[in-house]
1. Indicate the gyration tensor shape class of segment 50-148 (rounded, prolate or oblate), computed on the Cα atoms with a ≥ b ≥ c the square roots of the eigenvalues: a/c under 1.5 is rounded; otherwise a/b larger than b/c is prolate and the rest oblate.
2. How do 56, 8 rank when sorted from fewest to most other Cβ atoms within 10 Å of their own Cβ?
């Protein structure tokens, strides 16, 4: 069977468009509007604090000056919770009683997934105190609401 050059070119175009090396564009999964409201607008570069974390770092510095905390570190480690599931520790503080405390800072809303990771981290690392620090609004009196796990 003979084919023309034009027919051959058409077959090659179809094969390359649907073949193994074809370029495909992945579309982002659809998210509902109510979930988009609670997600961060953008990720900060690694090692850079967001506003809530910066305020909490100031609180830890005050605790250090008051003699309640010897030292603290920001994002010192990642904890493996399960296969391909990790928890990034916000703050690790060493108290004057030589107790290590993991602080998870939140600006208000905590998703179910985030809450689960905090609880799992507390179970995986029972040697550490696990505290979730939620920033309170000025209307609520400011400061921090501490929840220990």
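1. oblate
2. Listing 56, 8 from fewest to most nearby Cβ atoms yields 8, 56.
Only the coordinates and a few stated rules stand behind these numbers; no lab work does. Here the structure is a predicted model, which is why all the values come from computation and not from measurement. When we count neighbours, we look across all protein chains shown, and the Cβ atoms used for this are built from the backbone with ideal geometry, even at glycine.
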